[in-house]
Amino acid sequence: MAELAELEDPRAREVNERHGDDHGVNLSKLRAIAKRLKTQQDLARELWATGDTAARLLALLVCRPKAFGRDELDAMLRESRAAKVQDWLVNYVVKKGPHAEDLRVAWLADRDPVVAAAGWALTSERVAKAPEGLDLPGLLDVIEAEMKDAPDRLQWAMNTCLAQIGIEHAGHRARALEIGERLEVLKDYPTSPGCTSPFAPAWINEMVRRNNG
């Protein structure tokens, strides 16, 4: 904790807080600490229990993903309100553990938009890597009805799923493009030169072009 406190940078915290993350630790330096510590599940649990955002990010890098129970992961998501912590929890821990599908289904139906966003993130992963058994037209129905007015985090996760359906599944691409064009979600999102816009039609068309190139 003392080492993390030394790495705290007020300017970094100012930038991070605009994105919903209350910490000021450079993530490259955080990853360097994790590399040195290697996997330590007990330490990970102790770091998580501090409630400190930087400590929790480090915990997620040194934990053993398969060592967490389903209900434990559910509680961790609900108590971690920092965006980066939730993102890493889903991507680095839940996706690699045995409870991903169970939690995906439960979270997708949750009333808390932040929890639901985690469900959509896991759904996007399945759309791309293991779509068997998914109701893609049904997902597009929900996105079409709810994405426009969804809170930011949930909207972003739904939009990612929309783009993944359009990129990975040619049979649903026309409908995914049409939904994106009509709803115009993230159409004006500022995008750095050389980066792909998160606006679903632009994203889909660019990735399809690359994949077919």
Quiz prompt | Using distinct alpha-carbon pairs, which all enter the 1/r mean, Kirkwood radius of the stretch 3-128 in Å | solution = 14.9
Quiz item: What do you reckon, how do Glu6, Glu181 stack up by accessible area (1.4 Å probe), largest on top?
Solution: Glu6, Glu181
Quiz item: Given a 1.4 Å probe and the protein chains all in place, what does the accessible area of Val208 round to, in Å² to the nearest 10?
Solution: 30
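With +1 assigned to the C-beta of every Lys and Arg and -1 to the C-beta of every Asp and Glu, and no other charges, what is the dipole magnitude of the stretch 1-89 about the Cα centre in debye, to the nearest 20? Don't skip to the answer; put the middle values down first.
Details: 16 positive and 16 negative charges, 93 e Å.
Dipole size: approximately 440 debye.
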Quiz item: Over the alpha carbons of the chain, what is the largest minus smallest coordinate on each principal axis, giving the biggest first in Å?
Solution: 53, 38, 35
Practice problem: Taking the Cα centre of the chain as origin, sum charge times position over the Cβ atoms of Lys and Arg (+1) and Asp and Glu (-1), and report the length of that vector in debye to the nearest 20. | Solution: 820
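What percent do you get for the relative contact order of the chain when only Cα pairs under 8 Å and 6+ apart count?
Relative contact order here is 11 percent.
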Quiz item: Expressed as a whole percentage, what fraction of the accessible surface of the chain belongs to carbon and sulfur atoms when a 1.4 Å probe is rolled over the protein heavy atoms?
Solution: 50
Quiz item: Where only protein heavy atoms count, and the probe is 1.4 Å, what is the accessible area per residue for the stretch 31-189 in Å²?
Solution: 48
Practice problem: Please compute the net charge surrounding Glu46, taking Lys and Arg as +1 and Asp and Glu as -1 over other residues with Cβ under 13 Å from its Cβ. | Solution: 0
Self-check item: Charge-dipole axis of the chain as Lys and Arg at +1 and Asp and Glu at -1 on Cβ define it, positive-most pick from Asn211, Phe199, Leu4
Solution: Asn211
Quiz item: Near Lys29, which lysines are there with a Cα under 20 Å away, not counting those fewer than 8 places off in the same chain?
Solution: Lys38, Lys84
Exercise. Multiply the residue gap between Arg173 and Lys148 by 0.36 nm, knock off their C-alpha separation, and tell me the result in nm, one decimal place.
Key: 7.1 nm
Quiz item: Dipole magnitude of the stretch 63-174 about its Cα centre, charges +1 at Lys/Arg Cβ and -1 at Asp/Glu Cβ only, in debye to the nearest 20?
Solution: 480
Practice problem: From the C-alpha gyration tensor of the stretch 31-87, pull out the three semi-axes of the equivalent ellipsoid (sqrt of 5λ each), sorted largest to smallest, in whole Å. | Solution: 17, 14, 9
Quiz prompt | Estimated inter-spin distance, Leu37 and Asp110, nm [label 7 Å along Cα→Cβ] | solution = 2.3
Quiz item: Roughly how much of Ser28 is accessible, in Å² to the nearest 10, using a 1.4 Å probe?
Solution: 90
Self-check item: For Asn26, net neighbour charge (Lys/Arg +1, Asp/Glu -1) across residues whose Cβ lies under 12 Å away
Solution: +1
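The values are calculated or read from the model by the stated rules, or taken from the named source; none is laboratory data. Predicted model, so just to flag it, every value in this text is computed and none were measured. Positions of Cβ are backbone-derived with ideal geometry, glycine not excepted, and every protein chain shown enters the neighbour counts. For the accessible areas, the whole protein counts, side chains as well, though only heavy atoms, and no ligand, DNA or RNA atoms are used. Shrake-Rupley method; radii C 1.70, N 1.55, O 1.52, S 1.80 Å.
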